[in-house]
Amino acid sequence: MTVSVSASRVALAGGIALSSVVLLSGTAFAHVSVQPQGEAAKGGYATVNIKVPNERDNASTVKLEVNFPLDHPLASVMPQPVPGWKAEVTKSKLSKPLELHGKKINEAVSKVTWTADGSKIGPGQFQQFPLSLGQLPEDTDELVLKAIQTYDNKEIVRWIEEAKEGADEPQNPAPVLKLSAASGDHHGAAATDAPTTAPSASGDAKSGHDDKAGHHEEKTAAAASSSDTTARILGVIGILVGIAGVAFGVLAGRRRSA
């Protein structure tokens, strides 16, 4: 009976340890983020989604505020209507006017706020808030969009910490939009017009090359994602094997003592 009780305790401890690992792994990746839909090229326009997961089991998200950097201002930030949410765009004066399409702009969007209006993000749910952005800056590789998430129990979570090179990810990282190299048309994902003339043979060859490069990048990204998932699975399996080994050692010791 003593051996049985000891084995049960070891199994319980192992189960708690495993649950903690899985729980912490999930929490580490559940944060507000920005995801481009297609290309977000320097000097162009892009459509992005602000993805907001609800991290609480006993509260719902009822407000989100996303701040835009004025050191790399955006003249145009347009939210797409989201059912059950009211969007408000706030603009601020610029210390240095922004020139866009030959015109000087003295103010830029500094904040977009979504407030629940008949809806909310409940426990175990997430919501995406689409935005059209432009013209994207050409003098930076990324835009840091600091966000503030508010729950219906008045709790506020500030996603404003900037990651530092070589350091671990912050507890509440700010959403970061990575910008790709400038494209020729400066319209990015917003460019939908078909060409008025047929492409030349050299243009066809270039297009084929670009398609192959795109497929290669997709395969590389998929392989990286698969490797990351495999590493996590192997890590959990390693923990299980370790727990089983401890349990086996305890049982064997008890039996030898008996």
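Scanning segment 105-133 for residues that are at positive phi and under 19 Å from the mean Cα position of the chain (by Cα) gives a single hit, Gly124.
Evaluate the following for Gly214: is it within 23 Å of the chain's Cα centre (by Cα), at pLDDT below 65 and exposed (fewer than 12 other Cβ atoms within 10 Å of the Cβ)? Quick ask: steps written out before the conclusion?
Details: within 23 Å of the chain's Cα centre (by Cα): yes; at pLDDT below 65: yes; exposed (fewer than 12 other Cβ atoms within 10 Å of the Cβ): yes.
The answer is yes for Gly214.
Residues of segment 91-118 being polar (S, T, N, Q) and open to solvent by 40 Å² or more (accessible area, probe 1.4 Å), which ones? Of everything in segment 91-118, those that are polar (S, T, N, Q) and open to solvent by 40 Å² or more (accessible area, probe 1.4 Å) turn out to be Ser95, Asn106, Thr115. The condition of being of a type outside the set (S, T, N, Q), at pLDDT 85 or above and either under 25 Å from Gly38 (Cα atoms) or surrounded by 10 or more Cβ atoms within 10 Å (Cβ to Cβ) (or both) holds for only one of Asp185, Asp141, Asp193, that being Asp141.
The values are calculated or read from the model by the stated rules, or taken from the named source; none is laboratory data. No experiment lies behind these values; they were computed from the predicted model shown. Neighbour counts run over all protein chains shown; Cβ positions are idealised from the backbone, glycine included. Quick note on the areas: whole protein, heavy atoms, side chains included, nothing else; ligands and nucleic acids left out. Shrake-Rupley method; radii C 1.70, N 1.55, O 1.52, S 1.80 Å.
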